[in-house]
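Participant: Take a look at the following structure, please.
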Amino acid sequence: MSSIKRLSTQSSGFQATLRALLAFDASQDESIERAVADILRDVQQRGDQAVLDYTQRFDRVDAASVADLEIPRSALQAALNGLDAAQRAALETAAQRVRRYHERQQAETWTYTEPDGTVLGQKITPLDRVGLYVPGGKAAYPSSVLMNAIPAKVAGVPEVVMVTPTPDGLRNPIVLAAAALGGVDRAWSIGGAQAVGALAYGTDTIGPVDKIVGPGNAYVAAAKRRVFGTVGIDMIAGPSEILIIADGSTPADWVAMDLFSQAEHDELAQAILLCPDADYLDQVQAAIDRLLPTMPRADIIHVSLGNRGALIHVQDMDEACAIANDIAPEHLEISALDPQHWADRIRHAGAIFLGRYSSEALGDYCAGPNHVLPTSRTARFSSPLGVYDFQKRSSLIQISEQGAQTLGPIAATLAYGEGLQAHAASAEYRLNTTESS
């Protein structure tokens with residue numbers, strides 16, 4: 001039987017209880033931080049040789065050179081060709097849907113001209129080179145390969161470089177197949193903090209990238225955090241989260257399984273249900289107790305639900321939406337008869353799933369929108385990964401002669417006020433009254 005908490009917003013101390021439930025200890029493990037700092041420093045100093053040494057030490061892969069660790073594009077295509085028909089069709093369909101969705105995110109360069117002939121605007125350009133980290137070994141996340149590589153290619157990134165550990169030389173074929181579909185240009189059999197370091201700083205063999213994206217373990221996350229500033233990163237993601245707002249109209253078994261879908265990620269994942277119908281919460285509790293023993297990852301789900309899960313009785317759907325905005329979840333399901341009505345009240349969520357048929361699992365794999373989402377309440381100020389993360393904007397400023405006469409005195413006045421005489425003079429030199437013959 002699950003030990004998931006049962007809460008009510010009408011109970012005294014509810015807010016404190018909710019805060020404690022949401023709290024996630026993101027404090028950094030000092031031993032991990034020290035190890036990662038040492039690895040990154042070593043890669044920065046010794047380059048290829050450090051990468052080789054750590055690959056042998058952690059992944060038990062011997063190679064004469066880093067060049068020997070490159071996975072040729074022919075191997076990516078061979079992996080795709082080697083998939084069974086059903087698996088290949090599913091992967092190809094997911095890739096097509098992800099690409100079609102992200103093509104709508106493309107931004108274009110724009111300008112406008114003022115009456116005096118001054119032209120202002122914004123130029124959009126893709127990043128030159130992006131690094132994609134993909135977990136290896138027993139973990140296989142082909143969907144993450146698609147979600148990271150495809151937006152980068154849609155954005156126009158010329159070179160997407162994938163790194164993935166291959167413990168004992170074991171390459172994951174479905175990950176390689178996804179790389180072929182996603183448009184990965186080069187791939188390397190390296191992982192861990194050493195792979196992040198190689199991408200950030202570059203070695204004799206592996207050129208530096210402009211941005212590193214993709215999930216990883218605590219060492220990878222710590223390395224990404226440390227190299228940020230030298231390169232860009234997507235985000236430092238916390239545990240997976242799902243928040244469901246239900247009006248009681250969806251079969252209880254469906255909602256219970258949706259809670260499981262995030263709880264099975266790991267023991268720190270969070271699954272919460274908000275509903276104004278107490279009888280429905282009883283039904284979901286019964287469904288959890290009945291279905292949990294049938295789950296292959298029942299032990300993980302049990303711990304996750306027991307430590308960080310909750311079934312919360314709210315006064316009404318309006319209160320549920322207010323709580324959802326406070327939580328700002330990674331995934332928000334609105335499992336209600338009129339989901340759009342309630343979605344209009346939502347301001348903060350990574351992804352919003354509308355209606356009983358919109359399970360979060362579909363978003364993870366093949367709906368189309370990106371599944372790389374802000375966690376730990378960061379949806380209050382950040383967004384899903386998208387094409388815009390692989391592009392940058394440059395301002396365009398072309399001041400006409402007439403515009404210089406109008407703007408020059410304004411700039412000079414403000415510059416003198418800041419005590420920056422050279423700024424003022426630079427603007428004044430372009431005034432017709434001071435123009436030299």
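Participant: Search segment 151-172 for residues being out of contact with any strand residue (DSSP E or B) (no Cβ under 6 Å at 6 or more places or on another chain), at pLDDT 95 or above and surrounded by fewer than 24 Cβ atoms within 10 Å (Cβ to Cβ), and hand back the single one that is farthest from Leu385 (Cα to Cα).
Facilitator: Result: Pro158.
Participant: Considering each of Gln77, Gln56, Gln49, Gln44 in turn, give the residue that is surrounded by 14 or more Cβ atoms within 10 Å (Cβ to Cβ), free of Cβ contacts under 8 Å to residues at least 12 places away in the same chain and either of a type outside the set (Lys, Arg) or farther than 24 Å from Leu170 by Cα (or both). Quick ask: steps written out before the conclusion?
Facilitator: Working: Gln77 fails: free of Cβ contacts under 8 Å to residues at least 12 places away in the same chain; Gln56 fails: surrounded by 14 or more Cβ atoms within 10 Å (Cβ to Cβ); Gln44 fails: free of Cβ contacts under 8 Å to residues at least 12 places away in the same chain.
Answer to the selection: Gln49.
Participant: Something else about it: Determine whether segment 362-385 contains at least one residue that is surrounded by 12 or more Cβ atoms within 10 Å (Cβ to Cβ), assigned by TED's automatic domain parsing to the domain that holds Ser261 and free of Cβ contacts under 8 Å to residues at least 12 places away in the same chain.
Facilitator: Checked segment 362-385: at least one residue is surrounded by 12 or more Cβ atoms within 10 Å (Cβ to Cβ), assigned by TED's automatic domain parsing to the domain that holds Ser261 and free of Cβ contacts under 8 Å to residues at least 12 places away in the same chain.
Participant: Report whether or not Tyr133 is of a type in the set (Ser, Thr, Tyr) and under 21 Å from Arg100 (Cα atoms). Even if it seems obvious, please write down each step before you answer.
Facilitator: Values: of a type in the set (Ser, Thr, Tyr): yes; under 21 Å from Arg100 (Cα atoms): no.
It is false that Tyr133 is of a type in the set (Ser, Thr, Tyr) and under 21 Å from Arg100 (Cα atoms).
Participant: While we're on this one: Is it the case, given these coordinates, that Leu120 is within 30 Å of Gly202 (Cβ to Cβ) and touching a residue at least 24 places away in the same chain (Cβ under 8 Å)?
Facilitator: Working: within 30 Å of Gly202 (Cβ to Cβ): no; touching a residue at least 24 places away in the same chain (Cβ under 8 Å): yes.
Spelling it out, it is not the case that Leu120 is within 30 Å of Gly202 (Cβ to Cβ) and touching a residue at least 24 places away in the same chain (Cβ under 8 Å).
Participant: In this structure, is Ala86 assigned to a helix (DSSP H, G or I) and either farther than 28 Å from Val231 by Cβ or without any contact (Cβ under 8 Å) to a residue 12 or more places away in the chain (or both)?
Facilitator: So Ala86 fits the description; yes.
Participant: I would also like to ask the following. For segment 357-400, name all the residues that are closer than 13 Å to Ile236 by Cα, part of a helix (DSSP H, G or I) and not small (Gly, Ala, Ser).
Facilitator: If the condition is that a residue be closer than 13 Å to Ile236 by Cα, part of a helix (DSSP H, G or I) and not small (Gly, Ala, Ser), then Thr378 is the only one that fits.
Participant: Right, Ala140: without any contact (Cβ under 8 Å) to a residue 60 or more places away in the chain and in a loop (DSSP other than H, G, I, E, B) or not? Before the answer, list the steps.
Facilitator: Values: without any contact (Cβ under 8 Å) to a residue 60 or more places away in the chain: yes; in a loop (DSSP other than H, G, I, E, B): yes.
Criteria met by Ala140.
Participant: Determine whether segment 398-408 contains at least one residue that is under 16 Å from the mean Cα position of the chain (by Cα) and either in contact (Cβ under 8 Å) with a residue 40 or more places away in the chain or surrounded by fewer than 14 Cβ atoms within 10 Å (Cβ to Cβ) (or both). Reasoning before the result, please.
Facilitator: Going through segment 398-408, the residues under 16 Å from the mean Cα position of the chain (by Cα) turn out to be none.
Scanning segment 398-408, I find no residue that is under 16 Å from the mean Cα position of the chain (by Cα) and either in contact (Cβ under 8 Å) with a residue 40 or more places away in the chain or surrounded by fewer than 14 Cβ atoms within 10 Å (Cβ to Cβ) (or both), so the answer is no.
The values are calculated or read from the model by the stated rules, or taken from the named source; none is laboratory data. Computed from a predicted structure; not experimentally measured. Please note: Cβ atoms are built from the backbone with ideal geometry, for glycine as well, and neighbour counts cover all protein chains shown.
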